[in-house]
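What follows draws every value from the coordinates through simple rules; no lab data is involved. All of these numbers come straight from a predicted model, not from anything done at the bench.
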Amino acid sequence: MVSLIADGLTVEYPIYDADKRSLRRAMLGRGRTGGRILGGSRENGHGFVVRAVHDVSFAFETGDRVALIGHNGAGKTTLLRALAGVYEPTAGRVLADGRLSPVFDVNPGLDLDDTGYENVVVNGLMLGLSPAEIRAKMPEIIEFTELGEYMHLPVRTLSAGMHVRLAFAISTAVDPEIILLDEGIASFDARFGAKAEKRLESFVGRSSILVLASHSEQLLRRLCNKGVLMAEGRVVAIGALDQILALYRAGVDGVSDSAGEQAQDGSNRG
């Protein structure tokens, strides 16, 4: 069975050459957002570090469609990237049984001097597709983009909208097991948006586990069945999506809040 486990996951950023008091004032001015600022040491040369994710633990399995919910700076994006292996944890570990498919932005690494066709092949290989799989998927990728003969041109000659369509089509062509998804992966015009939403739902439907960071309640309700409420880099509560959204709307954002603790049923493991 496909699974994704975080065990005591902590991510800290060392800050160099910055005035501690100035940064503290800036962080305090943002309200209850952002990670905790910790003092550094002369030995490691850090004035201080920002703890963006702190002691996060959960266990997700096949069928879980998980929404990461919280204010800006709550640690959602950092957690996604730590799960993907982009950020190395300061402490704890990530255990993934299944192929991870991180989709954090709409550009999977397009070469602007290559043609659309060449980019599909190269990026398809980078995403783990075999040459045979790329050949099989090429027609539907081209159909989705609606680029037609423009696929023969270097990507740098395409408009911004065409570029986004091509990149989105490639990113969502794989058959993933675990999707780590940021809601800001694409922006389309109104006419193309419905088509993109349908493709995104199909992409998610082919996966075993989804972890989605988003502020859009409409998107979360459409794609997710479970929620994780985060604040100051910590997990406040894990539970059914409706329950977690209710806590978020009620302003529950303290890691020791009793309502949040109840929602976790005494544990922050999913």
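Across segment 116-207, the mean sequence separation of Cα contacts (distance under 8 Å, 6 or more residues apart), normalised by length, yields a relative contact order of 29 percent. Remark: segment 226-237, residue by residue, has Karplus-estimated 3J(HN,Hα) of 9, x, 10, 8, 10, 7, 6, x, 10, 8, 8, 7 Hz, where x stands for each Gly or Pro and the curve is 6.51 cos²θ - 1.76 cosθ + 1.60 at θ = phi - 60°. Under 5 Å between amide hydrogens, built in the peptide plane, is the criterion, and for THR90 it picks out THR10, VAL11, GLU12 among residues at least 5 positions away or on other chains.
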